[in-house]
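The values are calculated or read from the model by the stated rules, or taken from the named source; none is laboratory data. Everything quoted here is computed from the prediction, not taken from an experiment. For neighbour counting, all protein chains shown are included, and Cβ atoms are generated from backbone atoms with ideal geometry for every residue, glycine included. Just the protein is used for accessible areas: all its heavy atoms, side chains included, with ligands, DNA and RNA removed. Shrake-Rupley method; radii C 1.70, N 1.55, O 1.52, S 1.80 Å.
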Amino acid sequence: MMAKQQPPALVLNGIYKHYGDIQAVNGVDLTIEKGEIVAFLGPNGAGKTTTIDMILGLQQPTQGSLSVFGMHPHQAIRRGLLSAVMQTGGLLRDYTVAETLQFMAILYGRRTSVVDVMKRAGIDHVSSSQVRLCSGGEQQRLRFAIALLSDPEFLILDEPTQGMDVEARRNFWLSIRQDAALGRTIVFATHYLEEADSYANRIVLIRKGEIVADGTPMEVKSKSSDKIVRAHVTDIDKDKILSLAGVHSLDFANGKLEIRCSDSDSVARYLLLQTNAANLEIALAGLEEVFLNLTHD
């Protein structure tokens, strides 16, 4: 007998959310499979938070349906399958880090060792510190540890590395990648676009309540026709380069040239044949440029 196929981690089918005349989410269709790391991006007011609230069962859609592992979000949460790390979640400021986690473990029904989640979240070194004395990054990692207590299969992260230093952010994402490799599904919203580019295997970009891009970071970046040509060169004719077809702008300083253009082949040909350019490199426009192009009014 064939094994029963497991439902996707998340299915949004024709989701709309209205607040009177304000249309916050406008017909979103989205399926996320188990083990994916998905960056959910968009400018302020795009509908990200509203969509996340509906996934968590905090709000109900005006129209459409959604499911988490084939069930209502409330069922998934009660079973410990779905958890979240919110940017502004309240914490017990006069308790220690360990006491906070022990209290939350009793409240939710412990499934994972408090010591283990502190190590996983990178806060075992401040276990005896009062929460109010912890840095913003440490408090955010405490929220992450709380979310791990139920050992969820689906984790939603809202600005998860806010307040963390560079090393803490790197260690956090290495931990997230390990979780995803074991089958945990991750959806995160962030203003750090480099995190989405580096750590997500899929980017969903939303604008005015609608999905305007959905794919791998490379696929999303390819939606921009611009390319970046970089090279080392001792001297250039700026006017000549700016007159080449498809060249939008150039920056030249300390022997380093960067050209933004739509026809990288002609620019590269000119540099190689008409200048002493070396170490020539052609790259897609960055995620930030694509983000701005796809979400601006």
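Restricting attention to region 118-174, and to residues there that are hydroxyl-bearing (Ser, Thr, Tyr) and open to solvent by 50 Å² or more (accessible area, probe 1.4 Å), which single residue is farthest from His191 (Cα to Cα)?
Start the filter on region 118-174 by keeping residues that are hydroxyl-bearing (Ser, Thr, Tyr), which leaves 127-129, 135, 150, 161.
With the extra rule that they be open to solvent by 50 Å² or more (accessible area, probe 1.4 Å), the set shrinks to 128, 135.
On the way: Ser128: 31, Ser135: 20 Å.
The selected residue is Ser128.
Do we find a residue being in a loop (DSSP other than H, G, I, E, B), hydrophobic (A, V, I, L, M, F, W, C) and either crowded, with 21+ Cβ neighbours inside 10 Å or in contact (Cβ under 8 Å) with a residue 24 or more places away in the chain (or both) anywhere in region 17-29?
So in region 17-29, the residues in a loop (DSSP other than H, G, I, E, B) come out as 20-21.
From what's left, hydrophobic (A, V, I, L, M, F, W, C): none.
No; the residues of region 17-29 include none that is in a loop (DSSP other than H, G, I, E, B), hydrophobic (A, V, I, L, M, F, W, C) and either crowded, with 21+ Cβ neighbours inside 10 Å or in contact (Cβ under 8 Å) with a residue 24 or more places away in the chain (or both).
Return the only residue of Lys208, Lys227, Lys221 being basic (Lys, Arg), out of contact with any Ser or Thr (no Cβ under 9 Å at 6 or more places or on another chain), surrounded by 15 or more Cβ atoms within 10 Å (Cβ to Cβ) and under 30 Å from His248 (Cβ atoms).
On the way: Lys208 fails: out of contact with any Ser or Thr (no Cβ under 9 Å at 6 or more places or on another chain); Lys227 fails: out of contact with any Ser or Thr (no Cβ under 9 Å at 6 or more places or on another chain).
Just one listed residue meets the conditions, Lys221.
Determine the pairs where a residue that is closer than 14 Å to Ser175 by Cβ, located within region 133-146, has a partner that is part of a helix (DSSP H, G or I) and open to solvent by 40 Å² or more (accessible area, probe 1.4 Å) with Cβ atoms under 8 Å apart, the partner being 6 or more residues away or on another chain.
What qualifies is Ala145/Arg120.
Looking only at residues that are open to solvent by 10 Å² or more (accessible area, probe 1.4 Å) and either touching a Phe, Trp or Tyr at 6+ places or on another chain (Cβ under 9 Å) or in a loop (DSSP other than H, G, I, E, B) (or both) in region 176-186, which one is modelled with the highest pLDDT?
Within region 176-186, the match that is modelled with the highest pLDDT is Arg184.
Here's the yes/no breakdown for (1) surrounded by 16 or more Cβ atoms within 10 Å (Cβ to Cβ); (2) among the basic types (Lys, Arg); (3) under 28 Å from Lys48 (Cβ atoms); (4) within 28 Å of the chain's Cα centre (by Cα):
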| position | (1), (2), (3), (4) |
| --- | --- |
| Ala231 | yes, no, no, no |
| Asp235 | no, no, no, no |
| Leu250 | yes, no, no, no |
| Asp265 | no, no, no, no |
| Leu287 | yes, no, yes, yes |
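Collect the residues in region 115-133 that are touching a Ser or Thr at 6+ places or on another chain (Cβ under 9 Å) and over 13 Å from Phe144 (Cβ atoms), keeping them in residue-number order.
The answer is Val115, Val126, Ser127, Ser128, Ser129, Gln130, Val131.
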